[in-house]
Structure formats: structure tokens, C-alpha cells
Amino acid sequence: MELLFLAVPLLGLLMMGAFATMELHRAFVLQRLWRHGVLAEGRCIRTFTTVSGGGRNHGVRTHLHHVYEFWTGAGTPVRFEETGGPGSVIEGDVVMVRYDSTYPARATARPPGTAVNVARVALVLTTVVVFGAVFFGIATMSPFDSGPQDPHIPGDSWNAPGDPWDDGQWGDGQWGVEP
């Protein structure tokens with residue numbers, strides 16, 4: 001039973017850690033592309049939305065997707081899909097695309113420092129830290145610890161008569177009873 005109290009929070013912590021790793025990787029790739037990526041002119045060839053959620057007591061979420069096409073310096077056409085771009089970009093718009101010269105399919109037309117990206121990474125890291133603290137608290141306390149002992153049970157050392165730490169101010173070991 002004690003294993004259950006440790007396994008469930010540990011599993012949740014591992015899942016949150018994996019999610020945080022994915023979000024941080026996405027943020028670092030986006031930063032790297034905007035700092036060191038090759039700049040190319042591209043075109044939005046399609047926009048669409050997907051809907052998720054809407055089940056029992058859950059809100060519906062709409063995600064905006066863009067499909068972009070650009071040409072590398074070698075003249076190779078590349079298409080990629082990106083989630084969460086600006087809603088003002090519609091089909092046919094010309095956009096500036098940054099891509100990795102060694103792997104052109106890794107590209108972005110999204111600016112790196114938007115508040116949504118920063119808030120997403122901050123939220124994930126905060127959640128992992130809070131969940132880790134809760135796990136640590138659960139893991140370090142024993143759910144089967146019986147707490148303070150009754151002083152009248154034989155063999156129990158909690159404020160028993162003759163306790164070397166007892167200064168006598170509480171009487172015979174019961175709170176509020178004077179000798």
C-alpha cells in the first residue's frame with residue numbers, strides 16, 4: 001500500500017517532466033532557428049483549425065494551424081505545418097521563414113519571444129516544481145506513522161514518567177493537569 005503512495009506521484013512527476021522537456025525543446029529549437037537559421041521568403045498556402053476537448057465538463061479548445069511553403073537556397077521546395085501562429089496570417093500571405101540549413105523541414109514562421117511561448121514554458125516549469133514538491137512531501141512522510149504516542153501505554157516513551165527531558169511543568173504527562 002505504501003508503494004502506491006509513492007508510485008502514483010512519481011508517475012505523475014515523470015509525465016510532467018517529459019512534458020516539460022518537450023516544451024523546453026520546442027522553445028529552444030524556435031530560439032535557435034531565429035538566431036542561427038537561414039532566412040527565406042515563404043507563403044502561407046493553407047490555414048485550418050482543429051477542435052479538441054468538449055467532453056464532460058471540459059472546455060473546447062481551438063488550435064490554429066498554418067501550412068507554409070518556401071524554397072531553400074538550393075531551390076528545393078519545402079512545406080511544413082506549424083501550430084499556434086498569428087491569426088492575422090491567411091492563405092496567400094507572404095511570410096518570412098527561418099529554417100535549419102541541414103534539415104530544412106525544421107522551420108518556423110512564428111516569432112520566438114511571444115508572450116504565449118514564454119508563458120507556456122513558465123507554466124510548465126512551475127507545474128513541474130510544484131508537483132515535485134508535493135511528491136517530495138508525500139514521499140518523505142510515512143502514511144502509516146501513528147504520530148505522538150499515549151503516555152499511559154506501557155513501553156511508550158512519549159512524555160512518560162521518568163523522562164529525562166521532562167521538566168515537570170506539565171504534571172504527570174497529561175496536558176493541562178497540574179501535580
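The values are calculated or read from the model by the stated rules, or taken from the named source; none is laboratory data. Everything numeric in this text was worked out from a predicted model, so none of it was measured. As a convention, Cβ positions derive from the backbone with ideal geometry for all residues, glycine included, and neighbour counts pool all protein chains shown.
Looking at this structure, is Leu24 under 25 Å from Val118 (Cβ atoms), surrounded by 10 or more Cβ atoms within 10 Å (Cβ to Cβ) and in contact with a Ser or Thr (Cβ under 6 Å, 6 or more places away or on another chain)? No: the conditions fail for Leu24. Quick one: would you say Gly37 is among the small types (Gly, Ala, Ser) and within 19 Å of Asp100 (Cα to Cα)? Here the answer is yes, as Gly37 does meet what is asked. Look at (1) over 27 Å from Val128 (Cα atoms); (2) not in a loop (DSSP other than H, G, I, E, B) and you find that Ile90 fails only one, number (2). For beta carbons closer than 6 Å, sequence separation of 6+ or different chains, a first residue in segment 98-121 that is more than 12 Å from Pro86 (Cβ to Cβ) and at pLDDT 90 or above and a second that is of a type in the set (S, T, N, Q) and crowded, with 16+ Cβ neighbours inside 10 Å, the qualifying pairs are Arg98/Thr108. Of everything in segment 27-52 that's touching a strand residue (DSSP E or B) at 6+ places or on another chain (Cβ under 6 Å), free of Cβ contacts under 8 Å to residues at least 24 places away in the same chain and of a type outside the set (Ser, Thr, Tyr), which residue is surrounded by the fewest Cβ atoms within 10 Å (Cβ to Cβ)? Here the answer is Val51. Being of a type outside the set (Asp, Glu), part of a loop (DSSP other than H, G, I, E, B) and more than 18 Å from the chain's Cα centre (by Cα), is that true of even one residue in segment 32-52? Within segment 32-52, one or more residues are of a type outside the set (Asp, Glu), part of a loop (DSSP other than H, G, I, E, B) and more than 18 Å from the chain's Cα centre (by Cα). Condition (residue is without any contact (Cβ under 8 Å) to a residue 24 or more places away in the chain and surrounded by fewer than 10 Cβ atoms within 10 Å (Cβ to Cβ)) applied to segment 62-74: is it met by at least one residue? Yes.
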